[in-house]
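Working notes for the structure below.
The values are calculated or read from the model by the stated rules, or taken from the named source; none is laboratory data. Worth saying up front: this structure is predicted, and the values here are computed from it rather than measured. So basically every Cβ, Gly included, is an ideal-geometry build from the backbone, and we count neighbours across all protein chains shown. Heavy atoms of the whole protein, side chains included, go into the accessibility calculation; ligands, DNA and RNA do not. Shrake-Rupley method; radii C 1.70, N 1.55, O 1.52, S 1.80 Å.
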Amino acid sequence: MDADLIVMTALTLLTALGMVVAVLLPAWIAWGIAWRSRMCRTQRRSFAFTCLLLTYGVVMFTGALLLPLETLKIFIAPDLHGRGYVTLAKGIFVAAGQGTSIMLIVVGVIAAVVIPLKLRRRWSAITEALAENAVTSPGLDHDGH
């Protein structure tokens, strides 16, 4: 086996593991907060999953808000550059190119910490309220027929 192939395979594996860690970071933060607050196991699972979904929702909402900046980069900045406004065009291009990625990462990390911290004390009441509403309708069996 070639040494370059081994190195490339190892780097690919490390990159894949790093991506898994980064994607699941909000769930792990929520799990740690739930574990420290002594929630029961079923509440921990639903808490971590809900916090994960809320964090991704906040990141997607932030991305939607930053979409006009990307549009400026693609359509307006080249036109400004062509008309002689080079400094303004470069500013838009750099702000959209670097700012969008940095802003999404920062918002994601902040949301991954803040959302579980805000929900942890109320989670027991939320799960109890959901359990009360989960009763089946009269006349339906467990299969929904």
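Select, from A10, A22, A64, A77, the only residue that is among the aliphatic types (A, V, I, L, M) and in contact with a Lys or Arg (Cβ under 9 Å, 6 or more places away or on another chain). Quick ask: steps written out before the conclusion?
Values: A10 fails: in contact with a Lys or Arg (Cβ under 9 Å, 6 or more places away or on another chain); A22 fails: in contact with a Lys or Arg (Cβ under 9 Å, 6 or more places away or on another chain); A64 fails: in contact with a Lys or Arg (Cβ under 9 Å, 6 or more places away or on another chain).
Only one candidate qualifies: A77.
Pairs under 9 Å by beta carbon, first residue under 15 Å from V94 (Cα atoms) in segment 49-78, partner open to solvent by 50 Å² or more (accessible area, probe 1.4 Å) and aromatic (F, W, Y), six or more apart or different chains?
So the pair list comes out as L72/F93; K73/F93; A77/F93; P78/F93.
Only one of L80, L72, L52, L88 is under 24 Å from the mean Cα position of the chain (by Cα) and either open to solvent by 70 Å² or more (accessible area, probe 1.4 Å) or among the aliphatic types (A, V, I, L, M) (or both). Can you tell me which?
Working: L80 fails: under 24 Å from the mean Cα position of the chain (by Cα); L72 fails: under 24 Å from the mean Cα position of the chain (by Cα); L88 fails: under 24 Å from the mean Cα position of the chain (by Cα).
One residue alone meets the criteria, L52.
State which residue is farthest from the chain's Cα centre (by Cα) when the search covers only segment 55-69 and only residues that are within 24 Å of I126 (Cβ to Cβ) and not hydrophobic (A, V, I, L, M, F, W, C).
We begin by selecting, within segment 55-69, every residue within 24 Å of I126 (Cβ to Cβ); these are 55-61.
In the following step, the residues that additionally are not hydrophobic (A, V, I, L, M, F, W, C) were identified as 55-57.
On the way: T55: 5, Y56: 3, G57: 7 Å.
Among those that are within 24 Å of I126 (Cβ to Cβ) and not hydrophobic (A, V, I, L, M, F, W, C), it is G57.
Please find, among A77, A30, the residue that is more than 23 Å from M19 (Cβ to Cβ), assigned to a helix (DSSP H, G or I), in contact with a helix residue (DSSP H, G or I) (Cβ under 6 Å, 6 or more places away or on another chain) and of a type outside the set (V, I, T).
Values: A30 fails: more than 23 Å from M19 (Cβ to Cβ).
The unique qualifying residue is A77.
Looking at I76, I126, which one is more than 23 Å from W35 (Cβ to Cβ) and either at pLDDT below 90 or among the small types (G, A, S) (or both)? I'd like the intermediate steps shown before the answer.
Details: I126 fails: more than 23 Å from W35 (Cβ to Cβ).
Going through I76, I126 in turn, just one is more than 23 Å from W35 (Cβ to Cβ) and either at pLDDT below 90 or among the small types (G, A, S) (or both): I76.
What is the residue count in segment 97-112 for residues that are in contact with an Asp or Glu (Cβ under 9 Å, 6 or more places away or on another chain) and either exposed (fewer than 12 other Cβ atoms within 10 Å of the Cβ) or not in a helix (DSSP H, G or I) (or both)?
0
Please state which one of I6, I33 is surrounded by 10 or more Cβ atoms within 10 Å (Cβ to Cβ) and more than 22 Å from the chain's Cα centre (by Cα).
Details: I33 fails: more than 22 Å from the chain's Cα centre (by Cα).
On inspection, the qualifying residue turns out to be I6.
Are any of the residues in segment 39-54 outside any helix (DSSP H, G or I), under 10 Å from R120 (Cα atoms) and not basic (K, R)? Give the steps one after another, and end with the answer.
Let us first name the residues in segment 39-54 that are outside any helix (DSSP H, G or I), namely 39-40.
Now drop any that are not under 10 Å from R120 (Cα atoms), which leaves 39.
Those left that are additionally not basic (K, R): 39.
Yes: one or more hits.
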